[in-house]
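Participant: I am attaching a structure below and will ask some questions about it afterwards.
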Amino acid sequence: MTATHRRQFLQYASVLAGAPWLATQPAWAADGYPSKPLSLVVPYPAGGASDTAARIFGESIGKTLKQQVVVENYGGGTGLIGANKVLSAQADAYTFFHGSINEVFLAPMLNPSARYTPKDFSLVAPISEAHIVLLARNGLQADSLDKVIALAKQSSAKPLTYATVGIDSIYHLMGEALATRVGAPLLHVPYKGGAPALQGVAGGEVDLAILPYQTSFDAMQAQGRLKVVTSFSKELPTPLAHIPLIGQSQQLPDFAYTISGGYFVKQGCPAERVSLLRNAIGAALQNPEIRARLEAEGRTVAQPTGSQAAANQAFDQYLLRVGELIRTVGRKPMA
């Protein structure tokens, strides 16, 4: 057995051992892919929720493919910089994107500086739904969503400020929709990612933050640095059972949002390579330890995606949901 054949056999055995459901899927590319390290682009700085999840997946994907997966962080522009990094690379499946509806859909549909459309990406596989929470700085006299709303109405002359990962992110649109629903102004303060936004609310630079949940929030709350006011979910994974559900609000019990995430590649990548990458993602999703780690980080973890047709269907559903959200806040899609 040649070295190449031995590596291909080991890839095949690894995939089947980690995820029996993949037995009917191709386990390696005929051209020997991957023959070099892969780049996993994260469109936010290190330390945020996206970065944490990407490193969990990257380690597993690398083991399955028998190649190193290098996580690369490109923060700024509400994900535009990271998205453009992927689209400027070759369509060879060596560069893939830890993306969400923020960067792949909302940015090109709302931001005139985006030079791409959602269809420039292809979804390899959905990975999770992240649960979004409202944080408040220490000292803000509000420990529930309804009390935050009441305080916002009292502070109309000097609006409460809220941090997000950037302009036209789902978190920004949620803030706009929230202000519209309750009839009180909220002032948006965009940061270059979740980690800087978190430091903004923990340091008292802003009153509030709308961010995807991370376990570090609980530790910071225990230290008295911030308060986790509410989730925007109707239900939560068991590790997050201590966080209030949006349904507990008397004023906005239906204001429910989560954020969908997945792995994307540039449109036009070889189908056989994308299938192999999808298999490796599926193996990670089947791993009980990885699922537990992701659930602890506030995610509802997806089941493996078995085909490109199924991934395309999920992509179309994301596009529909984003269009509905944009219309909710009175905006008009550009792409």
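None of the figures in this text is laboratory data; all of them are computed from the coordinates on show. Since the model is a prediction, treat every value here as computed from it, not as a measurement. When we count neighbours, we look across all protein chains shown, and the Cβ atoms used for this are built from the backbone with ideal geometry, even at glycine.
Participant: Taking Cα pairs under 8 Å and at least six residues apart, what relative contact order does segment 238-330 come out at, in percent?
Facilitator: 24 percent
Participant: Further question: For a footprinting-style exposure proxy, rank Lys192, Lys158 by other Cβ within 10 Å, fewest first.
Facilitator: So the ranking, lowest neighbour count to highest, is Lys158, Lys192.
Participant: With Cβ to Cβ distances under 10 Å as the rule, what net charge do the other residues near Leu240 carry (K, R +1; D, E -1)?
Facilitator: -3
Participant: May I pose another question? Short version: ³J(HN,Hα) in whole Hz for each residue of segment 142-154, in order, from phi by Karplus 6.51 cos²θ - 1.76 cosθ + 1.60 (θ = phi - 60°), x for Gly and Pro, what are they?
Facilitator: Whole-Hz 3J(HN,Hα) from phi for segment 142-154: 7, 10, 8, 4, 5, 6, 5, 4, 4, 5, 5, 5, 6.
Participant: I need the phi-derived Karplus couplings for segment 254-267: 6.51 cos²θ - 1.76 cosθ + 1.60, θ = phi - 60°, integer Hz, Gly and Pro marked x.
Facilitator: Each residue's phi maps through the Karplus curve to give 9, 7, 9, 9, 10, 10, 7, x, x, 10, 10, 10, 5, 4 Hz.
Participant: Antiparallel DSSP bridges in the chain: what percent, to the nearest 5?
Facilitator: So the antiparallel bridges in the chain amount to around 65 percent.
Participant: With r as the distance between the Cβ atoms of Leu187 and Ala271 and R0 = 41 Å, compute the FRET efficiency 1/(1 + (r/R0)^6) and round to 0.05.
Facilitator: Computed FRET efficiency for Ala271 and Leu187: 0.30.
Participant: What residues qualify as long-range amide H neighbours of Thr230, i.e. H under 5 Å apart, gap of 5 or more or another chain, H built at 1.01 Å from N?
Facilitator: Those qualifying (amide H under 5 Å, at least 5 residues apart or on another chain) are Leu134.
Participant: What list of ³J(HN,Hα) couplings, whole Hz, do you get for segment 53-70 from phi and the Karplus terms 6.51, -1.76, 1.60, once you set θ to phi - 60° and write x for glycine and proline?
Facilitator: Once θ is set to phi - 60°, the couplings for segment 53-70 become 5, 4, 6, 5, 5, x, 4, 5, 4, x, 5, 5, 7, 6, 9, 5, 10, 9 Hz.
Participant: What is the gain in length, in nm to one decimal, between Ala309 and Asp218 on full extension, counting 0.36 nm per residue of separation less the C-alpha to C-alpha distance?
Facilitator: Here the answer is 28.9 nm.
Participant: Please go through the residue pairs Lys153/Lys192; Lys153/Lys227; Lys147/Lys192 and name each one whose alpha carbons sit more than 23 Å apart in this structure.
Facilitator: Lys153/Lys192; Lys147/Lys192
Participant: Could you calculate the FRET efficiency of Ile167 with Lys36 from 1/(1 + (r/R0)^6), where r is the beta carbon distance between them and R0 is 35 Å, rounded to 0.05?
Facilitator: 0.45
Participant: Can you give the Rg and Dmax of the chain based on its C-alpha atoms, in angstrom?
Facilitator: Both quantities, over Cα of the chain: 20.4, 76 Å.
Participant: A further question follows. Note down the relative contact order for segment 131-258 as a percent, whole number, built from C-alpha pairs under 8 angstrom at least six residues apart.
Facilitator: Once divided by the residue count of segment 131-258, the mean separation gives 36 percent.
Participant: When the chain is fully extended, how far beyond the present Cα-Cα distance does Thr238 get from Arg55, taking 0.36 nm per residue of separation?
Facilitator: Length gained, Thr238 through Arg55: 63.6 nm.
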